[in-house]
Each structure stands twice: as C-alpha cells, then as structure tokens.
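S.K.: Okay, handing you the structure first.
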Amino acid sequence: MSLRLAVIVASVRKDRIGPQVAGWFLDAVRQSEFGEVDVIDLAELDLPIDLGGGGDTELFTKRLDWADAIAIVTPEYNRGYPGALKTAIDTAKREWRATPVGFVSYGGLSGGLRAAEQLRSVFAELHAVTMQAQVSLQYVWDQFDDEGTLRAPDRPASAAATLLRQLTWWGNALRTARATTPYDG
Ligand SMILES: Cc1cc2nc3c(=O)[nH]c(=O)nc-3n(C[C@H](O)[C@H](O)[C@H](O)COP(=O)(O)O)c2cc1C
C-alpha cells in the first residue's frame with residue numbers, strides 16, 4: 001500500500017498566502033515517496049469551536065485517520081499559530097497518536113519558527129511524533145514572484161526534501177508498528 005500524506009493548510013485568513021505556500025510544498029511532495037496526498041484546507045471545513053462534534057468533525061477525523069503522515073502548512077500570528085489550527089488539533093485525539101507530523105511554517109521575521117515550536121509542545125501531549133526537519137519561509141510576502149514561483153528555491157526545496165524524507169521514514173515505521181501493536185499510550 002502506498003504511503004499517504006495529509007497536508008493541512010492552517011491559515012483561514014481573508015487574503016491569506018497559505019494556499020500559495022501549500023502549492024509550492026505540494027510540488028515537493030510530488031518528488032517524494034508519498035503515493036497519495038490529501039490537502040485539508042481548514043478554510044473549507046466547518047469545525048465547531050465548542051468541540052461538540054457536528055459540522056465536518058467526522059469528515060476531518062476520518063481524513064486524519066487515513067494519513068500515514070501529516071504536514072502542517074502554518075503561518076505565525078503574534079508569535080503563535082492560527083486559532084483555527086488549534087480548534088482542528090483539539091477536534092481529534094486518537095487520530096494524532098503515533099503519527100508523524102511535520103511543519104512548513106512561514107511568516108515575517110521569524111518565518112513561523114515560534115509558531116512551530118509551540119506546535120511541537122502541543123503535539124507532545126497528543127502522542128504525535130514531530131519531525132526534526134522543518135521548512136521555514138521568512139518574510140513570505142517577498143518569497144514568491146507573480147507566477148507564484150519561489151525567487152530563491154534552493155534552500156526551501158532542500159528543507160522540504162529532508163522533511164519529506166523524515167516523514168516517509170516515520171510514516172512507514174509507525175504504520176508497521178501500529179499494525180503490529182496498537183498504541184495504547
Ligand atoms: C494578526 C497577524 C499577526 C502576525 N504576527 C506575526 C508574528 O508574530 N511573527 C511573524 O513573523 N509574522 C507575523 N505576521 C505575519 C504573517 O505571518 C504573514 O502575514 C503571513 O502571510 C500570514 O499568513 P496567511 O497570509 O496565510 O494568513 C502576522 C500577521 C498577522 C495577520
């Protein structure tokens with residue numbers, strides 16, 4: 001069975017740049033060993049903030065469950081990550097367990113690094129395995145030309161390839177491990 005990657009687009013802001021960043025990352029995914037990809041755009045989902053279920057809750061948790069690995073494309077807002085992403089994370093529980101999670105972050109000065117550091121701590125609570133490698137795009141509004149192509153692609157492409165290699169290793173390893181011994185925490 002081919003390896004499955006879910007890519008979460010975390011920004012739901014009006015006039016967001018998130019889909020452009022995700023589009024670039026998906027080009028890198030096509031060069032990777034992931035055979036199937038699902039793009040989960042949080043702006044297209046109705047995930048109730050009272051965490052009471054309903055809306056697209058079941059659809060979202062099923063899509064997470066489907067994935068062998070998850071990449072989160074996230075901006076940084078006020079040194080944190082978007083509220084919509086926190087709602088999405090808290091909407092699921094078991095689905096995150098023993099799942100590799102990687103970050104493609106972007107922002108201004110910090111390139112989303114501070115948002116990603118906070119996410120590492122959140123995912124530790126959920127028994128997810130966060131990847132050492134990371135993509136970080138600083139001053140993201142300067143990074144793309146009018147065609148949506150990265151102006152200086154070499155370093156981000158190299159970081160994306162490393163991140164995808166790590167997600168592949170952990171995705172394969174944890175899929176086998178979960179099938180052999182269910183993870184009880
Ligand atoms: C409310 C808000 C807060 C922001 N705070 C930060 C920040 O703390 N650090 C940073 O590097 N960039 C910050 N930025 C810049 C964003 O990361 C940048 O505008 C990015 O494009 C936002 O992603 P989006 O367009 O996909 O929503 C902030 C932007 C907004 C709208």
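S.K.: Describe numerically, in nm with one decimal, the distance between label points set 7 Å from Cα along Cα→Cβ at Glu147 and at Asp90.
M.R.: So the label points at Glu147 and Asp90 sit 4.4 nm apart.
S.K.: Quickly rank 55-63, 102-110, 163-171 as a protection proxy: mean count of other C-beta atoms within 10 Å, highest first.
M.R.: For the peptides 55-63, 102-110, 163-171, the packing ranking is 102-110, 163-171, 55-63.
S.K.: Can you list residues from other chains, or at least 5 along the same chain, whose modelled amide H is less than 5 Å from the amide H of Asp41?
M.R.: Here the answer is Val9, since their amide H atoms fall under 5 Å of that of Asp41.
S.K.: Additional query: Just to confirm a number: summing +1 for Lys and Arg and -1 for Asp and Glu over residues other than Glu117 whose beta-carbon lies under 12 angstrom from that of Glu117, what do you get?
M.R.: Spelling it out: positives minus negatives among the neighbours equals +2.
S.K.: For segment 160-177, what does the Karplus curve 6.51 cos²θ - 1.76 cosθ + 1.60, with θ = phi - 60°, yield as ³J(HN,Hα) per residue in whole Hz, taken in order and with x for Gly and Pro?
M.R.: Per-residue couplings from phi come out as 5, 5, 5, 4, 5, 5, 5, 4, 5, 4, 5, x, 5, 5, 6, 4, 5, 4 Hz.
S.K.: Given H placed on each backbone N at 1.01 Å, which residues far from Gly111 in sequence or on other chains put an amide H within less than 5 Å of it?
M.R.: For Gly111, the qualifying residues are Tyr139.
S.K.: Turning to a different aspect of this structure: Counting each DSSP H run of 4 or more residues in the chain as -39500 (n - 2.57), what helix-only mean residue ellipticity at 222 nm follows after dividing by all residues, to the nearest 500 deg cm²/dmol?
M.R.: -12500 deg cm²/dmol
S.K.: For Arg155 and Arg16, what does the FRET efficiency come to when R0 = 25 Å and r is the distance between their Cβ atoms, rounded to the nearest 0.05?
M.R.: Step by step, r from the Cβ atoms, then E = 0.60.
S.K.: Using alpha-carbon positions, what is the distance between the centroids of segment 1-52 and segment 87-123, in Å?
M.R.: Between the Cα centres of segment 1-52 and segment 87-123 lies a distance of 13 Å.
S.K.: Restricting everything to alpha-carbon atoms, can you work out Rg to Rh for segment 3-180 with a Kirkwood hydrodynamic radius?
M.R.: 0.94
S.K.: On to the next question. Subtract the Cα-Cα distance of Arg165 and Asp50 from 0.36 nm times their separation in residues, and report this length gain in nm to one decimal.
M.R.: Separation in residues times 0.36 nm, less the Cα-Cα distance, equals 37.8 nm.
S.K.: Only bridges with both residues in segment 48-166 count here: give the DSSP antiparallel percent, nearest 5.
M.R.: Bridges in segment 48-166 are about 15 percent antiparallel.
S.K.: Please list 3J(HN,Hα) in residue order for segment 112-126, calculated via the Karplus relation 6.51 cos²θ - 1.76 cosθ + 1.60 where θ = phi - 60°; whole Hz, with x for glycine and proline.
M.R.: x, 4, 6, 4, 5, 4, 5, 5, 4, 5, 4, 6, 4, 5, 8
S.K.: Starting from 0.36 nm per residue, how many nanometres of slack lie between Glu36 and Thr176 once their C-alpha separation is accounted for?
M.R.: That works out to 48.7 nm of additional length.
Here, each number is a calculation from the coordinates, and none is a lab measurement. Please read all numbers here as calculations on a predicted model, not as lab measurements. Using ideal geometry, Cβ is built from the backbone for each residue, glycine included, and neighbour counts are taken over all protein chains shown.
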